[in-house]
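The values are calculated or read from the model by the stated rules, or taken from the named source; none is laboratory data. Note that the coordinates shown come from a computational prediction; the quantities given were computed from them, not determined experimentally. All Cβ positions, even for glycine, are placed from backbone atoms using ideal geometry, and neighbour counts span all protein chains on display. Keep in mind that these areas ignore ligands, DNA and RNA; they rest on the heavy atoms of the full protein, side chains included. Shrake-Rupley method; radii C 1.70, N 1.55, O 1.52, S 1.80 Å.
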Amino acid sequence: MMENPFIFTMDSGPFLDIIPILLSHLDLLSLVRLAQTCRFWKQRIYDDLKLWSNIIELPFMGHMRVYACKRHDIEKIIQVKLWSMILPPEDPKALETILEKMASSKESIRRFQHVEKVLFKNFIHTDESLRFTSLLFPSIKEISFEGNLLTMIGIQHIARNCKKLTYIEFYECLSVDASIACCLFNTEDHKQSLERIFIHGSCWSACKTQFSLHGSMPFMALCQRCGLNFNELKNEKEMLCLYHPGTYSGYGHSCSSFNCCGSSTP
């Protein structure tokens, strides 16, 4: 009995050249669904890290304040991504629940290894969510420690595993001492990558107007104008501080800004 000459396998012949082109036209959801169809596609998709975006945007969860709902359209607020007008989810473990599902398999963990930015939106971190963050996204370049649900334990996970951070922010963290927390980032790896650290809220206001980290991190210097701590070793080659002449103020995380130019980021 003769074999059918037209039968071919997907992992041989000209089909190998077509696979990258085919996969490049699929969005994230389509890639996940295709990976669930058979072992061949699962291995091909999850092994090719170039297919996965280096920016992850988490789903929206939360609600607006009562007075804000009367004045603003929540759909428009979400569309333009004004997350500061959205209250955090009522469940304090909402973020860690999402991240736990994302870390449910070795394939999932592997595909996020090169993610550089995670849009956490209006979620608030806990120690467990920070642990999952350090496990899933070791290559992230920015992290914001916000609220009172986290402790030094969660920050330690980030400092130990996320060694490519360039920007760190402490915002209204009543449960941690920023100067002690920053000691965790006083390593050779962070010295090479870190550019800026910004501290805002009660842990900063208790120290009059500026909060210097030079004692905890000798390579960081304080800008007397904007209160930003910047990497003194790297500032010779690139201007890491914008030297805002104004002061930083505001009522919400992303609504705060410098009164001189309206910028919300140092």
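What residue, among those in the range 18-33 that are in a helix (DSSP H, G or I), open to solvent by 40 Å² or more (accessible area, probe 1.4 Å) and hydrophobic (A, V, I, L, M, F, W, C), is farthest from residue 109 (Cα to Cα)?
Of the residues in the range 18-33, the ones in a helix (DSSP H, G or I) are 18-24, 28-33.
Remaining after also requiring open to solvent by 40 Å² or more (accessible area, probe 1.4 Å): 18, 20-22, 24, 28-30, 33.
This time we only want the ones that are hydrophobic (A, V, I, L, M, F, W, C), so: 18, 21-22, 28-29.
Numbers: 18: 27, 21: 24, 22: 24, 28: 15, 29: 17 Å.
It comes out as 18.
Search the range 164-177 for residues being assigned to a loop (DSSP other than H, G, I, E, B) and over 13 Å from the mean Cα position of the chain (by Cα), and hand back the single one that is farthest from residue 129 (Cα to Cα). Walk me through it before giving the result.
Of the range 164-177, the ones assigned to a loop (DSSP other than H, G, I, E, B) are 164-166, 172-177.
In the following step, the residues that additionally are over 13 Å from the mean Cα position of the chain (by Cα) were identified as 172-177.
Details: 172: 18, 173: 16, 174: 18, 175: 16, 176: 16, 177: 19 Å.
Applying the filter and picking the extreme gives 177.
Search the range 124-146 for residues being touching a strand residue (DSSP E or B) at 6+ places or on another chain (Cβ under 9 Å) and outside any strand (DSSP E or B), and hand back the single one that is most open to solvent (accessible area, probe 1.4 Å). Give the steps one after another, and end with the answer.
In the first step, residues of the range 124-146 are kept if they are touching a strand residue (DSSP E or B) at 6+ places or on another chain (Cβ under 9 Å); the result is 124-125, 130, 133, 136-137, 140-146.
Now drop any that are not outside any strand (DSSP E or B), which leaves 124-125, 130, 133, 136-137, 140-141.
On the way: 124: 35, 125: 9, 130: 0, 133: 0, 136: 0, 137: 0, 140: 2, 141: 78 Å².
The qualifying residue most open to solvent (accessible area, probe 1.4 Å) is 141.
How many residues does the range 38-50 hold that are modelled with pLDDT of 75 or more and open to solvent by less than 90 Å² (accessible area, probe 1.4 Å)?
Number of matching residues: 9.
When you look at residue 149, is it part of a loop (DSSP other than H, G, I, E, B) and under 20 Å from residue 213 (Cβ atoms), yes or no? I'd like the intermediate steps shown before the answer.
On the way: part of a loop (DSSP other than H, G, I, E, B): yes; under 20 Å from residue 213 (Cβ atoms): no.
So residue 149 does not fit the description; no.
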